[in-house]
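Since the structure comes first, as structure tokens, the remarks are kept for the end.
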Amino acid sequence: MQLFVFICAAAMILGGAVGVILRSHPVHAALSLILTLFGVAVLFVAQNAHFLAAVQVIVYAGAIVVLFLFVIMLLGVDKADSLRIDPVKVQRPLAAVVGVGLMGLIGAAIVQGRSTLAQRGTGIDTASGGAGRDSNIRQLATDLFSNHVFAFEITSVLLVIAVVGTVLLARRPRSSGASDGESVIRQNSGAK
Amino acid sequence: MVIAIATPTTTWYLLLAAMLFSTGVVGVLVRRNPLVMFMCIELMLNAVNLTFVAMANKLGDIGGQTTVFFVMVVAAAEVVVGLGIIVSILRRRPGATADDIAELKG
């Protein structure tokens, strides 16, 4: 059963990933990305990370991909790229070499270090282990708000900075004339 | 509980994450649309997240899952800022690819 879940999720992940880099239309690439993200969420559940699986679906598939699609639609770049032409001649063979080489190196390292993997922590509580249904969230929250509470606070600062920076970046200069996309932004940003 | 042979071990997860990461690297190197390159960066981040979660489960340490939480937050902030930059670049020159914006001049 676990094997079946793993194989299905792996097929989703790799199929989506190949779709992202091979589909010429950016919207199709974004939809393939959703497939990959859902596959990763399935594997999160299989690895006792239930809360992260929910966050993966909500934040990644829900927010980030929608943001991608929104930008694609807003900018009107939703035309298919021509993947036939290769502006730099040796780029694709080199990229293939880099990809295969990287995969080989990481895979060799993983297989080499297989024997050193051993249980050593206090363990992750699971509902099937009799620790209650919300044990994963409980344990994650305990770790987050005790050991990493400073990093958590810094994260909030990071998010505020990101929001302010994006508002500054995406704001248009006053003098430029209005086009269709601009009026859409104005409507969405509300009162200015 | 389950048959030992048919249970995917941590090594399988790590190898899958390695494949996903390599695919993301190839995508960044091959594609020229800045948006799609960004999506490939997300692929690589997800591969790393998968590695963290698999190792957290194997080592029995919840710290891996906490790290994934932070990675997700930083990825969200990164996407917001990156898409803001891409919007402001593409507004100035529509249809720009990564080749067109090779020089850092407006």
Matching residues in segment B:50-64 - criterion: being among the polar types (S, T, N, Q) and touching a Phe, Trp or Tyr at 6+ places or on another chain (Cβ under 8 Å) = B:51
query = Does at least one position in segment A:68-77 carry a residue that is under 12 Å from the mean Cα position of the chain (by Cα) and at pLDDT 90 or above?
reply = yes
request  = Being out of contact with any Asp or Glu (no Cβ under 9 Å at 6 or more places or on another chain), buried (at least 20 other Cβ atoms within 10 Å of the Cβ) and facing another protein chain (nearest Cβ under 7 Å) is the filter here, so list the residues in segment B:50-71 that pass it.
outcome  = B:50, B:53, B:54, B:56, B:57, B:58, B:68, B:69
query = Can you find a residue in segment A:86-98 that is within 7 Å of chain B (Cβ to nearest Cβ), out of contact with any Pro (no Cβ under 9 Å at 6 or more places or on another chain) and buried (at least 20 other Cβ atoms within 10 Å of the Cβ)?
reply = no
note = Flagged in segment B:31-48 as closer than 15 Å to residue A:17 by Cβ and facing chain A (nearest Cβ under 7 Å), in numbering order, are B:31, B:36, B:39, B:40, B:42, B:43, B:46
request  = Please verify whether segment B:42-56 includes one or more residues that are of a type in the set (D, E, K, R), under 29 Å from residue A:75 (Cα atoms) and not in a helix (DSSP H, G or I).
outcome  = no
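The values are calculated or read from the model by the stated rules, or taken from the named source; none is laboratory data. The shown structure was predicted, so the numbers you read here are calculated from the model rather than taken from an experiment. Cβ: placed from backbone, ideal geometry, glycine included. Neighbour counts: every protein chain shown.
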